[in-house]
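Peer 1: Can you keep this structure in mind? I'll have questions shortly.
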Amino acid sequence: MFKFVTILALLGVAAALSPATLSRISGGDVHADVVSRSEDVRADGFDASLQTTNGIQQSASGDVHGNIHGSFGWISPEGEHVDIKYVADENGYQPQGAWIPTPPPIPEAIARAVAWLQSHPPAPEHNRHY
C-alpha cells in the first residue's frame, strides 16, 4: 500500500509541474539562444565573446603568459544588469564590480587593539636547555 501511495504522490507532483511552471522555476533561461559567439585562439593569446538572448554576455582576452582580462554579466531576476570585470594573472583572480560583496569595516576597538599589538611586539623567547 505504501508503494502505491508513493507512486501516486510522485505522479501528482509531476502533473502539477507543467512546462510553464518549470520555465518559471528555472528562470526561463533554458531556452536562451546564442546571439553571437566568437573565439580567436592564437599562439600569443586568445579573444572570446558570447552573447545570448536572455541578456547573458561574456568576453575575455588572454596573452601568452596566462594573463586574462575579461567581463561577464547578466540580468538579475529583479531586472537589473549585473556586470563584473576581472583580471586573472600572477596575482590571482581579481573581480571588480558594484555587485561584488565587500567586507564590513573593522570595528574601531579591534583596529586599536591591532595597532597596539603591532607597536608592542612580543619579547623574544629564550630557549633554555636543562
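The values are calculated or read from the model by the stated rules, or taken from the named source; none is laboratory data. Values in this document were obtained by computation on a predicted structure and should not be read as measured data. No Cβ is skipped: glycine too gets one built from the backbone with ideal geometry, and neighbour counts run over all protein chains shown. Just the protein is used for accessible areas: all its heavy atoms, side chains included, with ligands, DNA and RNA removed. Shrake-Rupley method; radii C 1.70, N 1.55, O 1.52, S 1.80 Å.
Peer 1: Note down all Cβ pairs under 9 Å where the first residue falls in region 69-98 and is on the phi > 0 side of the Ramachandran plot and in a strand (DSSP E or B), the second is among the hydrophobic types (A, V, I, L, M, F, W, C) and open to solvent by 40 Å² or more (accessible area, probe 1.4 Å), and they're at least six residues apart or on different chains.
Peer 2: Filtered contacts from region 69-98: no entries.
Peer 1: Within region 91-123, which residues are farther than 21 Å from ALA48 by Cα, open to solvent by 80 Å² or more (accessible area, probe 1.4 Å) and polar (S, T, N, Q)?
Peer 2: ASN91, THR102, GLN118
Peer 1: Using the structure shown, decide if ALA88 is aliphatic (A, V, I, L, M) and open to solvent by 50 Å² or more (accessible area, probe 1.4 Å).
Peer 2: When the stated conditions are applied, ALA88 does not pass them.
Peer 1: Which one of GLY70, GLY62 is of a type outside the set (Ser, Thr, Tyr), under 18 Å from ILE100 (Cβ atoms), surrounded by 16 or more Cβ atoms within 10 Å (Cβ to Cβ) and in contact with a strand residue (DSSP E or B) (Cβ under 8 Å, 6 or more places away or on another chain)?
Peer 2: GLY70
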